[in-house]
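First comes the structure, then the notes that go with it.
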Amino acid sequence: MGALTWIGRVAGLACLLAAPGLAQAHSLDEILSAKTLVVGINPNLPPLGSFSDTNQVQGFDVDIANKLGSMLGVKVQLVQVNSADRVPFLITGKADLMMGALTRTPARAQVIDFSLPIQTEAISALTKDSAPFKTMQDLNASNVKLIEVRGTTPVDYVKQNLPKAQVTLFDNYPDAVRAFEQGRGDAIVDVTDYLGTYTKQYPAKTRVIADKNAEVDYDAIGLAFGNEPLKAWLNVAIYELETDGFLNDTYKKWFGMAPVYPIPTTPYF
Amino acid sequence: MHYVLHYGQIAPYLPYLIGGMAISLALSVLSFIGGMVLGLFFAVIRNEGHPILSRLVRIYVAFFTNTPQLVQIYVIYFGLPDFGILFSPFAAVLIGMTLNAAAYLTEILRAGLGTVHAQELDAAETLGMNRLQTLRHVTLPHLFRVAMPALTNQYILMTLGTSMASIFGVEELTGRAFNINSTTFRSIEIFTTVAVLYVVVTFIATILLALVGRWAFRARVPVL
């Protein structure tokens, strides 16, 4: 992962240096007249983006992108990106909008613009409906067995916040969820929204425990710095999709659950 | 771009890695012993047991030597719970490795048993040895003298094979290496250290097995 990120950064830098005159991101007017909206999607990040049986990219991000395209009355052209490509693709104008769980951060906000958030990411606990736990701190006991995926940030979270719990580590999410479902652990502490795709294969009823003090990351749609009319349109469109339930329904369709940390909707932005 | 090695960064984890080494060693030793007991039993059945039992052992050996060990443990670990049988990670890996080792060891020991000459057994009988004495003083020394290199080889393969236990939540040497790697990202330093630890384990095991062979079975095997 680390190496890939670096390759991505170096490649991104190389793109920046090699481009003689930087390709400009398309303005709203250009998008409307070209009738094409170019959206960056990560096809290796289910349920946001993944390849279908027919090798088409599908997922939450794809549905949102297509909805935005139809609201604008333009065709959506998807470009495939990996996580490290996201910001360079916006800067070099290879994509008008960028998806793929793009978290709003001050560092990124210096070089790209963000829309209103469309999704949250924060650590919560997934447990069986029958389990006695009520709050996150209930899991901090020596008789609690947690299942985690090796090398993920929730492992550090558990070390700091739930040090008394026993932890069993697995190499991937399907194995971790299977072990949890088979009763090898009491809970999985993770961004549990992403586990819905796996838990829906099992009959047991599950429940999510949110952490009152969670640091919530807001994921937004990225666009080129200073592309103001497009951003203004995008925010109005996202507000509309939030209030008419499209975002929530699409979320449930792909994640198999409602957002653990929902975004409060406000008409002021 | 050049990479600077910093072994100092993983030095604090050395006791943690050595603890993992102990778990690897426990897994390999226990499954080897279990596999030897089962394997010897099966080898005798294969050679002189009832034809139906012999056929069953053949099927067992064919099944366990022709499917990957990882898949076998996977079935024990993730498949059996659906039938209400839930083994702990360590137990599941140990059972899987023992069953797998038993299949390979059956074949090794059977081949070894085949080299015991009928004249040797006749001589033992002539000397008035009972079956147990014959086994202890004639068959086993001959068997181990012939099979020792193959057995040592199998044991080393099994020791290295314990690395797959990390997939099932057993924090042995490789699993711990992955854990450290996910926090320090010092992959080269960690995995070269782990490789050395594996060499140490297998080296010691080779010597010990050779000594056991010499002492217990008077097998003339070179210690190094």
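Quick one: if the Förster radius is 45 Å, what FRET efficiency do residue A:164 and residue A:269 give, using the C-beta to C-beta distance and rounding to 0.05?
Rounded to the nearest 0.05, the efficiency is 0.60.
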Checklist entry - Tell me, what is the FRET efficiency for residue A:134 and residue B:83 to the nearest 0.05, using R0 = 22 angstrom and their Cβ-Cβ distance as r? => result 0.10
Checklist outcome for this item: Relative contact order of the range A:124-210 (C-alpha contacts under 8 Å, at least 6 apart) in percent is 47
Item to check | Surface/4 of the Cα convex hull for chain A, nm² | outcome: 15.4
Checklist outcome for this item: Ratio for the range B:7-217, C-alpha Rg to 2.2 N^0.38 Å, reads 1.19
Next on the checklist: Given the protein assembly as shown, report the % of alpha carbon pairs whose separation exceeds 44 Å.
Outcome noted: 35
Item to check | Neighbourhood charge, 10 Å Cβ-Cβ cut-off, centred on residue A:27 and excluding it, Lys, Arg +1 and Asp, Glu -1 | outcome: -4
Checklist entry - By how many degrees, 0 to 90 and rounded to 10, does the Cα axis of helix B:51-65 deviate from the longest principal axis of chain B? => result 20
Item to check | Summed residue charge, Cβ within 13 Å of residue B:181's Cβ, Lys/Arg positive, Asp/Glu negative | outcome: +1
Checklist outcome for this item: Length-normalised contact order of chain A, Cα under 8 Å, at least 6 apart, in percent, tallies to 24
Item to check | Shape box of the range A:131-269 [Cα atoms, principal axes, largest first, Å] | outcome: 54, 32, 28
Next on the checklist: Can you give the local net charge around residue B:82? Use residues other than it whose beta-carbon is closer than 11 angstrom to its beta-carbon, Lys and Arg +1, Asp and Glu -1.
Outcome noted: 0
Checklist entry - Could you name the lysines in cross-link range of residue A:67, using Cα to Cα under 20 Å and dropping any fewer than eight places away on the same chain? => result A:35, A:75, A:231, A:252, A:253
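Determine, for each peptide in B:2-12, B:199-209, A:186-196, A:97-107, the mean count of other beta carbons within 10 angstrom over its residues, then list the peptides with the highest first.
Packing proxy ranking, top to bottom: A:186-196, A:97-107, B:199-209, B:2-12.
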Checklist entry - Dividing the Cα convex hull volume of the range A:124-210 by residue count, how many Å³ per residue is that? => result 78
Item to check | Helical mean residue ellipticity (222 nm; -39500 (n - 2.57) per DSSP H run of 4+; nearest 500) of chain B | outcome: -24000 deg cm²/dmol
Checklist entry - By how many nm would the segment from residue A:24 to residue A:80 lengthen if fully extended, with 0.36 nm per residue of separation less the alpha-carbon distance? => result 18.3 nm
Checklist entry - What number of lysine-lysine pairs in the range A:124-210 show an alpha-carbon separation below 24 angstrom, given a sequence spacing of 8 or more or placement on distinct chains? => result 14
Checklist outcome for this item: Most fluctuating of A:198, A:218, A:157 in the GNM of chain A (C-alpha, under 10 Å) is A:157
Checklist entry - Roughly how many nanometres apart are two label points built 7 Å out from the Cα toward the Cβ at residue B:16 and residue B:65? => result 4.1
Checklist outcome for this item: Mean other chain Cβ within 10 Å across B:162-172 is 3
Checklist outcome for this item: Once both label points are put 7 Å beyond Cα along the C-beta direction, the residue B:211-residue A:212 separation in nm becomes 6.1
Item to check | Residues residue B:122 and residue A:200, FRET efficiency given R0 of 51 Å [Cβ-Cβ distance, rounded to 0.05] | outcome: 0.15
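Each reported figure results from applying straightforward, stated rules to the coordinates on display, with no laboratory input. Not measured: the values here are computed from a predicted model. Please note: Cβ atoms are built from the backbone with ideal geometry, for glycine as well, and neighbour counts cover all protein chains shown.
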